[in-house]
Amino acid sequence: MLRDDDRATALAEARSLLYMMATDRHAAATRIGRGLGALRAHFLFRGAELGQRVNTTGWVRVVAHGHISIGDHVQFSGGMIPSHVVCRPGGDLVIGAHTGFNYGVDIDCTQSIRIGQRCLFGSMVCLSDSEMGRTGPIVIEDNVWIAHGAIVEPGVRIGAGSVVSAGSVVTADVPPDSLALGNPAESFPLGRNSRGDSVAAQRRAPTPHSVGGHLQR
């Protein structure tokens, strides 16, 4: 049963939405879609620990036999290919707040995969902590961008503020503020601005409030 403050909040939201439908139908449709995405996320990730306003605008196949924790404002964008999030028995999958995934992302956690805050994943990115007899935890620190089709192999740590180029295969650790490029990927320092901030660290992942379509990276 709703508490009085929750009931008041729900009524205020309903009045706001009715007014929006009368004055700006496009904004109202966007807001309704956002709400449906949040409901879809709670259904697909049932049994997982979900933060506030986790959103899925497309289909995500979820196998939650281990522990899954997803932070606030995480978004899974829809597209032509569904994403897969698999956490096997004994696995520990943690996704930090304000992280965004494009369509077709494949996450397979057997042991431990930890993704930081404000990370961006392009379409068709693959992360697996167990492959071909190799097993090792994957750590992706804050503000990391991983571009289309990149693969992150077991036992890899990607430092904060780094960028993984499209199609790269990451087999070894990537230092912070680096560009990982190639197969196998090599790491190169990223440039810095006059204040000493890395280029990648200046970029912030979009939230469900600011994303109007797919996360194109």
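None of the figures in this text is laboratory data; all of them are computed from the coordinates on show. These figures come from a predicted structure and were not determined experimentally. All Cβ positions, glycine included, derive from the backbone under ideal geometry; neighbour counts span all protein chains shown.
Observations on the model:
- Across the options Val62, Asn183, Pro137, the greatest Cα extent toward the positive end of the charge dipole of the range 48-202 (unit charges at beta carbon of Lys, Arg, Asp, Glu) belongs to Val62.
- Cβ crowding within 10 Å averaged over residues, with 99-107, 67-75 ranked highest first: 99-107, 67-75
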